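J.: Okay, here's the structure, questions in a sec.
The values are calculated or read from the model by the stated rules, or taken from the named source; none is laboratory data. Owing to the predicted nature of the structure, the values given are computational and were not obtained by experimental measurement. A quick note on method: Cβ atoms are made from the backbone with ideal geometry, for glycine too, and the neighbour counts reach across all protein chains shown.
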Amino acid sequence: MKYVVLKEFKDKKTSEIYAVGQEINFTAKRAAEAEDNLQVFGGDFFEKVKDEKITLEK
């Protein structure tokens, strides 16, 4: 699943630093794990990107 970073953070598992506005791919399980780890810092570091479906008019 695709997520967008709302606050810069360093991934505890990979040591990668994610910047605000960056799109990242996490599984649902990995996203939950990262969010749990970031709760001590206030949470809300990233959110799921909503799927936008484009409809074409004929």
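J.: Restricting to the range 1-26, give me the number of residues that are of a type in the set (Ser, Thr, Tyr) and more than 10 Å from the chain's Cα centre (by Cα).
T.: The qualifying residues number 2.
J.: Give the range 3-20 a look and list any residue that's touching a Lys or Arg at 6+ places or on another chain (Cβ under 9 Å), surrounded by fewer than 12 Cβ atoms within 10 Å (Cβ to Cβ) and either at pLDDT 95 or above or assigned to a strand (DSSP E or B) (or both), or say none.
T.: Glu16, Ile17
J.: Could you check, for the range 27-36, whether at least one of its residues is part of a loop (DSSP other than H, G, I, E, B) and not aliphatic (A, V, I, L, M)?
T.: So far as the range 27-36 goes, yes, one or more of its residues are part of a loop (DSSP other than H, G, I, E, B) and not aliphatic (A, V, I, L, M).
J.: Next question, about the same structure. Of Glu23, Glu52, Glu57, which residue is modelled with pLDDT of 95 or more and of a type in the set (Asp, Glu)?
T.: After applying the criteria, what remains is Glu23.
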